[in-house]
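Notes to accompany the following structure.
The values are calculated or read from the model by the stated rules, or taken from the named source; none is laboratory data. Note that the structure is predicted; figures quoted are calculated from it, not measured. So basically every Cβ, Gly included, is an ideal-geometry build from the backbone, and we count neighbours across all protein chains shown.
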Amino acid sequence: MSESTDIPAFNTDELDFDDFQLEETPNEDLDFTSHTPERDLSFFKNIPVTVTLEVASKDIALGELMKAGSGSVIELDKLNGEPLDVKVNGSLMGHAEVVVVNEKYGLRLIDVVDSALTSAIQ
C-alpha cells in the first residue's frame, strides 16, 4: 500500500498583494481607441459572398407538399408588388425589386437594413 501525503490547501489569508511590485496605470492610458491605428479594410471588399433575392416563403406540412403535382399552386406570404428580401450569406441585407438588365434578371435595392454588414463595407 502506498501512503498518501497530505498537501496543504492554498490559504488565501497568507497571500499579501503588498509583496507584489505592481505599477499603477492612470485611467487615461486605458483608452485603447485613441492609440489604435486605423486599419485598412479594403482586403474584405474582395471576399466573395452569396447574394440571394428571396421572393417569398411558406411553411407547409410535408404531407400537403407531397400532394402537390404539376400545375399545383402554393400560395406564398408576400403580396404582389411588395419588396423582396435581399440576403447576403443568409442574413437580411435589405429589400429590392426585380429588374431586367440585358435580358438577365437583376435587383434594384429599395432600402438597406442598418447592420454590421453595411457599417463594415463603408
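Condition check: over 15 Å from H95 (Cβ atoms) and in contact with a Ser or Thr (Cβ under 8 Å, 6 or more places away or on another chain). Does L76 satisfy that?
Judged against the criteria, L76 is a match.
Going by what's in this entry, would G63 be described as over 30 Å from V112 (Cβ atoms) and either among the aliphatic types (A, V, I, L, M) or not in a loop (DSSP other than H, G, I, E, B) (or both)?
So G63 fits the description; yes.
Which of the following residues is modelled with pLDDT of 95 or more and either loosely packed, with under 11 Cβ neighbours inside 10 Å or in contact with a strand residue (DSSP E or B) (Cβ under 7 Å, 6 or more places away or on another chain) (or both): L84, L79, L53, L62?
None of the others qualify; the one that does is L62.
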